[in-house]
Amino acid sequence: MNWLKRNYLSILSIIAIVVIALIIYLLGNRLKALGNLGYLGAFLISLICSLTIILPVPSLIVLIALASVFNPVLIAVAGSTGGTLGETTGYVLGYSGRHLLSGNRAYLRAEGWMKRWGVWAIMLFAFAPILPADVAGIASGALRFPLWKFWAACWVGKTVKYVLIILASVWGWQTIIHFFPWLG
């Protein structure tokens, strides 16, 4: 019973994250319908897709499609804002389940980066397409990094990444249409 009292917050956090992941998985294609809401849809799609840690759900594909209709930079900003808030699940998992992660190699490496570079490491994790921002969130929470600093660094990294990818996609598509007009 003492173990349960010491770990109830960790257990509740893990249960909440699993439930969120299952809900997102079950919603599947219905998330795409949020695209009809424009910038708010971009925000909500990224928020919902970033809430999950266990089952990654890519939101950038939908954001790129929205950017063909709406302002690409504003879509990127709305998406990165929603995505940043969604990364809070990783932060909460790290904050409440710190002792559960102590043996994980990826976590230990991310924790070392966080201790050494702090905000810069969070921005790198949020910016780099191959590094999961969830790992930075978990390490930030476990190290008791201030939540507002985590959000700020994550937002900057995600915004730069989303703007670059979305603009490159839109400009690339426009270039293809220019050379092959029958595709448009």
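The values are calculated or read from the model by the stated rules, or taken from the named source; none is laboratory data. Worth saying up front: this structure is predicted, and the values here are computed from it rather than measured. With ideal geometry, Cβ positions are generated from the backbone for all residues, glycine too; neighbour counts draw on all protein chains shown.
Of all residues in the range 138-151, which are within 16 Å of the chain's Cα centre (by Cα) and over 24 Å from Val62 (Cα atoms)? Answer for the range 138-151, where residues must be within 16 Å of the chain's Cα centre (by Cα) and over 24 Å from Val62 (Cα atoms): Ile138, Ala139, Ser140, Gly141, Leu147, Trp148, Lys149, Phe150. Taking the criterion of being at pLDDT 80 or above and charged (D, E, K, R), would at least one residue in the range 99-118 satisfy it? Yes, the range 99-118 has at least one match.
Give the residue that is modelled with the highest pLDDT, with candidates limited to residues of the range 26-48 that are over 17 Å from Ser169 (Cβ atoms) and within 16 Å of the chain's Cα centre (by Cα). Taking the candidates together, the pick is Phe43.
Looking across the range 125-154, the residues that are modelled with pLDDT of 90 or more, part of a helix (DSSP H, G or I) and not small (Gly, Ala, Ser) come down to Phe127, Leu147, Trp148, Lys149, Phe150, Trp151, Cys154.
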